[in-house]
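Reading through the structure tokens given below for one structure.
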Amino acid sequence: MRIFSKSISLIFLFSFFTLTAGGIPDIKTSVEVKTIFGRIKLQDELLRVYNLEHMQRLKGIDQSGTPAYWNGVPKFSRLEHSLDVLWLVLNFGGDLKEQIAAFCHDISHTVFSHVADIVFGVANYQDTIHEWFLQQTKIAEIIRGYDWVEKDILPDNPDFKRLEQPLPDMCADRIAYNIRTAFVFRMINQEDIDFIVNKLRFDDEKKRWYFTSKKAAKKFALLSLAFTEHFWGSADNMVVYFITSKILKRAFLLERITKDDMHFGTDKQVLDKLDNPEICDDPEIKRLIGKAKIPKTAYRILEDDEGTPDFVPKPKFRGIDPWVYNQHSQEYKRLSELDQEFAAEFKRIEEFCKKGYKIQLNIK
């Protein structure tokens, strides 16, 4: 019996010294992450949100959808964007509740991002399922200590003025994706980003974002107009989204992919299924993918008086007309009030979106 007890003691001591010599798992109490605006030290609740399986999934969801994989559009993930948004809310005075809402504002985005709007026939589909999606995660365990529930951290909470504002105003979400998109497209560099952010402010009393420099305001706002016309609202982008929706609807019908794949999978997981002949051997899907990869062969823009279009896309107008504060007069004015050139371009792009354009498809 004494020999047995001694053996147990030796095993315990061996185990203890093995663990203390480096066998104890390294439990991180903070993680430093990089954004385009600077670094953030994530700890406590924000670290727990970051570590959620559903948040980490956003590494595999590209901001632009299939154009990032099929058309050479520069990539950045929804997680990178979410961290950029968090940086803005955190550094411009948002409380913990708004920080958490900002961090997970895109958690419900499906595979291929806004392609889901066409697939499911609902604008901003991710917003309509946001509360339900949060309920599928373990975020309730993180926020329970504050007596919050999932509904309290929805992005459209009227208290979250840093995170969301109606167009044409700025908000953290809008600021972040315009600047990150411009950066990956090499339209601006880090020096430009630093200049823009250095002139950016949030007025706690009026609950609005503004610039202290007309030059910074214009440099930023012109990005939103350029992307609305030449990227988000371009014929190439619209047609690729349309073809992708046809591919996904057919894949649903043939049970090659499921709605769970869309809601909880990643872009690569769905692309791999569509590319795998053992899972998806449908020639129609393969043909449509081929068309989407060379979009200019898949459509023609018709003149106003020409033919009958297959569809008339009317791009969402994402133009931003930021507030600019004049320290001498102590007045806020819209950039469009201060700059006639910008005002004319803003109006032109707005009319472009309202009118839309006629597309004749060549995908049969």
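The values are calculated or read from the model by the stated rules, or taken from the named source; none is laboratory data. In this text, all values refer to a predicted model and were calculated from it rather than measured experimentally. Here the Cβ positions follow ideal geometry from the backbone for every residue, glycine too, while neighbour counts run over all protein chains shown.
Here are the numbers for the structure shown:
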read-out: Test: residue in the stretch 318-335 that is of a type in the set (Lys, Arg) and either closer than 20 Å to residue 114 by Cα or part of a loop (DSSP other than H, G, I, E, B) (or both); value: yes
read-out: Extreme residue, surrounded by the most Cβ atoms within 10 Å (Cβ to Cβ), among residues of the stretch 74-101 that are among the β-branched types (Val, Ile, Thr) and touching a residue at least 60 places away in the same chain (Cβ under 8 Å); value: 85
read-out: Members of the stretch 122-147 that are within 17 Å of the chain's Cα centre (by Cα) and closer than 17 Å to residue 265 by Cα; value: 125, 126, 129, 130, 133, 134
read-out: Residue among 204, 169, 173, 159 that is modelled with pLDDT of 95 or more, buried (at least 20 other Cβ atoms within 10 Å of the Cβ) and of a type in the set (D, E, K, R); value: 173
read-out: Criterion (in contact (Cβ under 8 Å) with a residue 12 or more places away in the chain and within 30 Å of residue 335 (Cβ to Cβ)) met by exactly one of 71, 157, 124; value: 157
read-out: Enumerated helices (runs of 4 or more DSSP H) restricted to the stretch 170-238, each holding at least 1 residues that are of a type in the set (D, E, K, R), closer than 16 Å to residue 84 by Cβ and out of contact with any strand residue (DSSP E or B) (no Cβ under 9 Å at 6 or more places or on another chain); value: 172-184, 190-198
read-out: Restricting the stretch 241-250 to residues that are within 17 Å of residue 117 (Cβ to Cβ) and either polar (S, T, N, Q) or touching a Lys or Arg at 6+ places or on another chain (Cβ under 9 Å) (or both), the residue that is surrounded by the fewest Cβ atoms within 10 Å (Cβ to Cβ); value: 245
read-out: Every pair of residues 6+ apart whose Cβ atoms lie under 7 Å, when the first sits in the stretch 310-339 and is farther than 21 Å from residue 219 by Cα while the second is assigned to a loop (DSSP other than H, G, I, E, B) and not hydroxyl-bearing (Ser, Thr, Tyr); value: 312/356; 313/356; 314/356; 315/233
read-out: Test: residue in the stretch 293-300 that is in contact (Cβ under 8 Å) with a residue 12 or more places away in the chain, surrounded by 18 or more Cβ atoms within 10 Å (Cβ to Cβ) and out of contact with any strand residue (DSSP E or B) (no Cβ under 7 Å at 6 or more places or on another chain); value: yes
read-out: Search result, residues across the stretch 253-270 that are in a helix (DSSP H, G or I) and either buried (at least 17 other Cβ atoms within 10 Å of the Cβ) or without any contact (Cβ under 8 Å) to a residue 60 or more places away in the chain (or both); value: 253, 259, 260, 261, 262, 263, 267, 270
read-out: Check on residue 321, exposed (fewer than 12 other Cβ atoms within 10 Å of the Cβ), within 29 Å of the chain's Cα centre (by Cα) and either modelled with pLDDT of 95 or more or β-branched (Val, Ile, Thr) (or both); value: no
read-out: 2 or more residues aromatic (Phe, Trp, Tyr): qualifying helices (runs of 4 or more DSSP H) within the stretch 38-121; value: 67-70
read-out: Counted residues, the stretch 338-364 - those being touching a strand residue (DSSP E or B) at 6+ places or on another chain (Cβ under 9 Å) and among the basic types (Lys, Arg); value: 1
